[in-house]
Every structure is written in C-alpha cells, then in structure tokens.
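Working notes, beginning with the structure itself.
No lab work stands behind these numbers, since they all come straight from the coordinates. Keep in mind that this is a model prediction, so the values were computed, not measured. Cβ placement follows ideal geometry from the backbone for every residue including glycine, while neighbour counts extend to all protein chains displayed.
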Amino acid sequence: MTASVSPTGGVYIGLGANLPSGIGPPRETLEETVRRIAGSGIEVVRVSPWYESEPVPPSDQPWFVNGVAELRTALRPAALLAVLHGLERDLGRIRRVRWEARVVDLDLLDYRGIVDRSGPPRLPHPRVAERPFVLLPLRDIAPRWRHPETGEGIDASVAALPAGGGIVRRAPESGGMD
C-alpha cells in the first residue's frame with residue numbers, strides 16, 4: 001500500500017439509488033442514508049447536490065439519483081466500508097447481481113488519498129475517474145481533488161469524460177431540473 005494524500009485529505013463516498021425503499025423514493029432514501037451515517041458516529045462534512053443519471057451499463061432500469069459526501073472518521077477503510085454495507089442492508093439492499101437496480105448503493109471512492117489495490121476496499125475506487133455521476137458531484141464539494149494514483153485534477157478528469165453522459169443536476173429546493 002502506498003499513500004498519496006489528496007489536497008483536501010478527505011474521505012469521499014458515492015451515494016446512489018434508483019428504486020424506492022421503505023423510506024420513500026430514491027432521493028429521500030439517500031437523504032436518510034446521510035442522516036444515518038451521521039448517526040453512526042461518522043462526521044458528514046459536506047454533501048453534494050443530487051444528480052440524476054442513466055444506469056451504467058445502459059439498461060431499462062430507472063435513472064439513478066447520485067451524490068457524493070465527504071466524511072471525517074477515525075475508522076480505517078475496511079471498517080468504514082463495513083459500516084456502509086451495514087447501512088445498505090438496513091435500508092433494504094440485497095446484493096444479487098452486479099449493476100442491478102437498487103434501493104441504495106454506497107461506494108468508498110477515496111480514503112485520504114491512499115492507493116491500495118490489494119483491498120477490500122480497493123482504493124481509490126477502480127472506476128472513480130470514469131463516471132460522471134461520481135466526478136460531477138465530487139467536483140461540487142472538492143474542486144481541488146486529485147486522483148490519488150494519477151495525480152490528475154478533477155477538472156481534467158471531467159473534461160476527459162465522453163460527451164453526453166446522461167446526467168442532470170437537480171435543483172436544491174424545488175427538485176426541478178437546472
């Protein structure tokens with residue numbers, strides 16, 4: 001394991017959902033997820049605006065609601081991931097098939113710039129630089145973030161994404177499109 005610390009030195013997680021849960025529609029589920037993370041003794045530093053995005057890979061699933069949160073915690077990466085997976089289970093996620101529709105999905109994207117491919121968890125998340133539904137909300141809360149392995153800044157990562165991307169930012173209050 002090698003460590004290279006990002007400028008913010010943060011812990012970032014991706015949040016996503018495209019099915020209703022016992023809490024309600026995906027956005028309400030994700031907002032409750034953030035409250036439960038904070039209630040578990042992990043400090044939620046900031047949360048990005050919510051985005052809606054096409055499923056990846058493309059399918060006939062409903063679009064996802066996605067966001068990114070910065071956390072502050074003394075938990076090591078594996079312990080943090082265990083807490084996140086426990087919250088997923090508590091909210092009704094059952095893991096069956098990769099890339100299936102889900103009530104909640106929590107991914108550990110970057111843990112203080114650590115690079116560790118032996119995992120779990122693999123750090124940074126192996127597809128962090130490929131996904132607009134991760135990079136756009138991450139840029140909203142960490143505009144100076146750099147990829148721990150490549151050193152590439154987030155603006156360059158966003159610019160390298162394929163055109164289109166099937167993603168829209170939601171307005172903060174009204175829930176309407178920006």
Task: Tally of residues being buried (at least 20 other Cβ atoms within 10 Å of the Cβ) and of a type in the set (D, E, K, R) across segment 108-158 - done: 3
Open item on the list: One residue is enough: does segment 76-88 have a residue meeting the conditions surrounded by fewer than 16 Cβ atoms within 10 Å (Cβ to Cβ), out of contact with any Cys (no Cβ under 8 Å at 6 or more places or on another chain) and in contact (Cβ under 8 Å) with a residue 60 or more places away in the chain?
Closed with: no
Task: Hits in segment 105-121 (condition: over 15 Å from Arg72 (Cα atoms) and under 12 Å from the mean Cα position of the chain (by Cα)) - done: Asp105, Leu106, Asp107
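Which count do you get for residues in segment 128-153 that are closer than 21 Å to Gly113 by Cβ, of a type outside the set (Asp, Glu) and under 15 Å from the mean Cα position of the chain (by Cα)? Walk me through it before giving the result.
Start the filter on segment 128-153 by keeping residues that are closer than 21 Å to Gly113 by Cβ, which leaves 128-131, 134-153.
Pick out the ones that are also of a type outside the set (Asp, Glu) and you get 128-129, 131, 134-139, 141-148, 150-151, 153.
Now narrow it down to the ones that are under 15 Å from the mean Cα position of the chain (by Cα): 128-129, 131, 134-139, 141-142, 145, 147.
Of the residues in that region, 13 qualify.
Sort out which residues of segment 125-164 are of a type in the set (Lys, Arg) and part of a loop (DSSP other than H, G, I, E, B), and write them in order of number.
Our first condition is that a residue be of a type in the set (Lys, Arg); within segment 125-164, this holds for 127, 131, 139, 144, 146.
Of everything in segment 125-164, those that are of a type in the set (Lys, Arg) and part of a loop (DSSP other than H, G, I, E, B) turn out to be Arg127, Arg131, Arg144.
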Task: Filter result (among the aliphatic types (A, V, I, L, M), closer than 18 Å to Pro137 by Cβ and surrounded by fewer than 19 Cβ atoms within 10 Å (Cβ to Cβ)) within segment 48-74 - done: Val56
TODO: Could you check how many residues of segment 24-53 are touching a strand residue (DSSP E or B) at 6+ places or on another chain (Cβ under 7 Å), assigned to a loop (DSSP other than H, G, I, E, B) and not aromatic (Phe, Trp, Tyr)?
DONE: 3
